[in-house]
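The values are calculated or read from the model by the stated rules, or taken from the named source; none is laboratory data. Keep in mind that what you see is a predicted model, and the values were worked out from it rather than measured. Note: ideal-geometry Cβ built from the backbone for every residue, glycine included; neighbour counts use all protein chains shown.
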Amino acid sequence: MRPCAPEDIEPWAQQWRQPFKGAPIAVAVERFKGPIVTALSQSDCFVWFPINRAPLATYRHTWVPCDAKDDPSDTPLALE
C-alpha cells in the first residue's frame, strides 16, 4: 500500500464512475468527519449516508454477544 497524496484522491474517486456507469455510489459512514471523508466529499460520484453508531452497537450485541467488533461482519447489520 502506498501513501495517498491529496491530489491522488479525486482521480481514484472518479475511477469508480466506470464500473457503475456514472451512477452515484452510496457510502455509509459511522463518522461523517475526518480528512478522508472531507476529501471524498469533494467528488460528486458519492452519496453519503451517516449511520448512528449506538443502534448498530445494540444490534451487534444482540447477535454477537461476545462484544466483538468487526467491520466486515458489521456491514450486513448496518444494511438492515
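Residues in the range 22-44 that are at pLDDT 85 or above and over 11 Å from the mean Cα position of the chain (by Cα) were compared, and the one that is farthest from ALA5 (Cα to Cα) is ALA23.
The set of residues from the range 1-56 being of a type in the set (Lys, Arg) and either in contact with a Cys (Cβ under 6 Å, 6 or more places away or on another chain) or surrounded by 14 or more Cβ atoms within 10 Å (Cβ to Cβ) (or both) comprises just one member, ARG17.
Within the range 8-42, how many residues are of a type in the set (D, E, K, R) and either under 26 Å from PRO55 (Cα atoms) or touching a His at 6+ places or on another chain (Cβ under 9 Å) (or both)?
First, the residues of the range 8-42 that are of a type in the set (D, E, K, R): 8, 10, 17, 21, 30-31, 33.
Narrowing further to those that are either under 26 Å from PRO55 (Cα atoms) or touching a His at 6+ places or on another chain (Cβ under 9 Å) (or both): 30-31, 33.
So the answer is 3.
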